[in-house]
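**Student:** Quick one: the structure is below, questions incoming.
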Amino acid sequence: MENRKSHYASFSNQVDTTSLSLEGSAWQVQTQFDTFRVTGMGDGYDVRVRSHGMDTLPEMLDQSQKKSPLGIVVDSNVAPLYGPGLKNQLEKAGYKANLMIIPAGENSKSVSSLEFLWGEFLSAGLERSSVVLALGGGVIGDLAGFAAATYMRGISWVGIPTSLLAMVDSSIGGKTGINLEQGKNLAGVFHSPDFVIADPKLLSTLPEMELRNGLAEVVKHGVLADPGLFEMLASGWVNVQTHLEEVVKRAVAVKIKFISADPYEKGVRAALNFGHTLGHALEKGSDYQLRHGEAVSIGMVYETKLAEKMGIAQAGLSVEIAEALFKLGLPTQMPTGLDPDKLFKGIRFDKKKKDGVVRFALPAKIGAVQPSVIVKEEDIKWMITN
Ligand SMILES: NC(=O)c1ccc[n+]([C@@H]2O[C@H](COP(=O)([O-])OP(=O)(O)OC[C@H]3O[C@@H](n4cnc5c(N)ncnc54)[C@H](O)[C@@H]3O)[C@@H](O)[C@H]2O)c1
């Protein structure tokens with residue numbers, strides 16, 4: 001060791017593992033290299049979280065041997081901000097790139113947008129070896145990923161998430177799809193991206209409301225598996241903004257941990273539904289007046305109260321979570337005027353219902369969750385009305 005010391009000291013990346021667990025060491029290494037590996041579905045893929053990470057896109061495309069022409073799918077809000085820059089950057093690197101612009105908003109996750117994109121892919125001459133770049137929030141990721149999955153029996157796609165929600169959640173895990181008239185995400189497939197580049201610098205243009213929306217999912221990730229992340233969030237908005245890159249990295253690491261362990265949602269991945277079983281019912285019950293992040297925020301508080309009642313969590317956990325959410329400007333109280341019966345039905349008919357029973361992901365403490373707890377109807381009713 002003495003002899004090799006000076007040689008090791010010459011390496012540009014160093015991790016002192018003296019007081020770290022194996023998991024802690026792995027975390028330090030991934031953080032230093034800004035790159036996380038998703039495994040479990042197909043060959044796996046890298047998620048790079050790095051400020052100015054977009055600059056490395058051509059090099060990563062070269063490495064994965066992608067060929068022109070490329071399609072850049074982007075929405076009408078993000079297109080003027082980052083579309084031409086990305087196109088120029090790719091063209092300078094020798095790629096032929098076509099911008100394909102979709103109207104911003106959830107309504108674009110539709111059959112007609114899908115048809116529009118297939119047409120764009122054809123007229124741009126995309127082939128089996130081409131790649132679709134999804135530059136945008138979760139809407140663009142879900143839509144462009146699904147369009148790529150279904151074009152010529154499946155071509156590659158790359159995620160370039162631009163919203164916080166897309167960085168920490170929707171761009172990772174391979175779920176792609178669109179909405180049908182009957183409900184959200186009813187048509188889709190698992191189709192992993194070739195890689196994902198999350199560049200926290202892009203969040204500088206994201207409206208504050210959208211940032212808060214994404215923060216609800218980040219809080220969820222802290223509660224599920226990263227007490228350190230939860231602590232950062234609990235110290236409030238300013239601290240989060242100053243440490244945004246670390247916040248994104250830690251939240252990404254949690255999502256990857258769950259999906260790599262259970263890529264097709266047969267077991268522990270269900271933990272990611274924490275706050276969502278009630279959250280989805282709230283979104284629907286409020287006729288989508290509540291935004292997804294707001295509904296999940298309220299959902300987490302009430303589902304934790306349920307965990308306390310069932311003896312899964314210690315009393316006080318729901319208050320601790322509610323305080324953190326409140327400091328981030330997220331709602332924690334059930335809005336008045338919602339019909340409890342409608343909410344109850346919404347939960348019973350949530351698509352996560354299996355074998356005629358309703359299951360919740362409930363936290364035991366900050367950093368630990370029970371992914372699939374069967375909850376009796378009377379307890380669900382108690383949660384809604386308390
Ligand atoms: N595939 C999955 O696993 C998964 C997981 C969670 C959510 N989702 C889906 O994600 C979607 C929600 O994603 P979202 O919240 O990102 O919505 P979104 O894609 O509509 O983006 C939110 C808004 O922010 C704008 N925007 C995005 N990035 C910006 C930037 N950098 N600067 C300025 N404006 C920017 C968009 O134009 C849009 O108006 C839903 O359709 C949901 O179903 C999918």
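The values are calculated or read from the model by the stated rules, or taken from the named source; none is laboratory data. The structure displayed is predicted, hence computed values, not measured ones. Every residue, glycine as well, gets a Cβ built from its backbone with ideal geometry; the counts of neighbours run over all protein chains shown. The protein model used for the area step is the full one, side chains on, heavy atoms only, and it has no ligands, DNA or RNA in it. Shrake-Rupley method; radii C 1.70, N 1.55, O 1.52, S 1.80 Å.
**Student:** Tell me, please, whether a residue that is of a type in the set (Asp, Glu), closer than 30 Å to residue 147 by Cα and at pLDDT below 95 can be found in segment 224-238.
**Tutor:** Taking every residue of segment 224-238 in turn, none turns out to be of a type in the set (Asp, Glu), closer than 30 Å to residue 147 by Cα and at pLDDT below 95.
**Student:** Further question: Quickly run through segment 153-166 and pick out the residues that are more than 9 Å from the ligand (Cβ to nearest atom) and either part of a loop (DSSP other than H, G, I, E, B) or within 8 Å of the chain's Cα centre (by Cα) (or both).
**Tutor:** Listed by number, the residues that qualify are 154, 155.
**Student:** In addition: Among the residues that make up segment 120-133, is at least one of them of a type in the set (Lys, Arg), within 12 Å of the ligand (Cβ to nearest atom), outside any helix (DSSP H, G or I) and at pLDDT below 95?
**Tutor:** For segment 120-133, residues of a type in the set (Lys, Arg), within 12 Å of the ligand (Cβ to nearest atom), outside any helix (DSSP H, G or I) and at pLDDT below 95: absent.
**Student:** Take the residues in segment 277-293 that are surrounded by fewer than 24 Cβ atoms within 10 Å (Cβ to Cβ) and part of a helix (DSSP H, G or I), then tell me which one is modelled with the lowest pLDDT.
**Tutor:** 284
**Student:** Condition check: free of Cβ contacts under 8 Å to residues at least 40 places away in the same chain, over 16 Å from residue 321 (Cα atoms), within 16 Å of the ligand (Cβ to nearest atom) and open to solvent by 10 Å² or more (accessible area, probe 1.4 Å). Does residue 245 satisfy that?
**Tutor:** no
**Student:** Collect the residues in segment 23-48 that are open to solvent by 50 Å² or more (accessible area, probe 1.4 Å) and hydrophobic (A, V, I, L, M, F, W, C), keeping them in residue-number order.
**Tutor:** 27, 29, 33
**Student:** Among the residues of segment 183-214, write down those that are open to solvent by 50 Å² or more (accessible area, probe 1.4 Å) and among the hydrophobic types (A, V, I, L, M, F, W, C).
**Tutor:** Passing the criteria: 186, 189, 190, 209.
**Student:** With the requirement that a residue be free of Cβ contacts under 8 Å to residues at least 24 places away in the same chain and either hydrophobic (A, V, I, L, M, F, W, C) or not in a loop (DSSP other than H, G, I, E, B) (or both), what does segment 188-214 give you?
**Tutor:** Passing the criteria: 204, 208.
**Student:** Then there's this: Under the condition of being near the ligand (Cβ under 8 Å from one of its atoms) and among the hydrophobic types (A, V, I, L, M, F, W, C), which residue from segment 171-219 is farthest from residue 56 (Cα to Cα)?
**Tutor:** 206
**Student:** For segment 141-148, state whether one or more residues are small (Gly, Ala, Ser), surrounded by 24 or more Cβ atoms within 10 Å (Cβ to Cβ) and under 12 Å from the mean Cα position of the chain (by Cα).
**Tutor:** Looking for residues that are small (Gly, Ala, Ser), surrounded by 24 or more Cβ atoms within 10 Å (Cβ to Cβ) and under 12 Å from the mean Cα position of the chain (by Cα), one finds at least one in segment 141-148, hence yes.
**Student:** Follow-up question, since we're still on this one. Could you list all residues from segment 61-100 that are closer than 17 Å to residue 146 by Cβ and within 16 Å of the ligand (Cβ to nearest atom)?
**Tutor:** 72, 73, 74, 75, 100
**Student:** Conditions: (1) over 24 Å from residue 202 (Cβ atoms); (2) in a helix (DSSP H, G or I). Residue 113 meets all but one. Number of the miss?
**Tutor:** (1)
**Student:** Could you list, in sequence order, the residues of segment 290-305 that are within 13 Å of residue 334 (Cβ to Cβ) and not β-branched (Val, Ile, Thr)?
**Tutor:** Passing the criteria: 290, 294, 295, 297, 299, 300, 302, 303, 305.
**Student:** Follow-up. Taking helices (runs of 4 or more DSSP H) that do not extend beyond segment 1-99, which have at least 1 residues that are touching a Gly at 6+ places or on another chain (Cβ under 7 Å)?
**Tutor:** 78-92
**Student:** If I ask for residues that are within 10 Å of the ligand (Cβ to nearest atom) and either touching a Gly at 6+ places or on another chain (Cβ under 6 Å) or in a helix (DSSP H, G or I) (or both), which ones from segment 135-148 would you list?
**Tutor:** Scanning segment 135-148 gives 138, 139, 140, 141, 142, 143, 145, 146.
**Student:** With (1) part of a helix (DSSP H, G or I); (2) open to solvent by less than 10 Å² (accessible area, probe 1.4 Å); (3) touching a Pro at 6+ places or on another chain (Cβ under 8 Å) as the list, and residue 233 as the residue in question, which single condition is left unmet?
**Tutor:** Of everything listed in (1) part of a helix (DSSP H, G or I); (2) open to solvent by less than 10 Å² (accessible area, probe 1.4 Å); (3) touching a Pro at 6+ places or on another chain (Cβ under 8 Å), residue 233 misses just condition (3).
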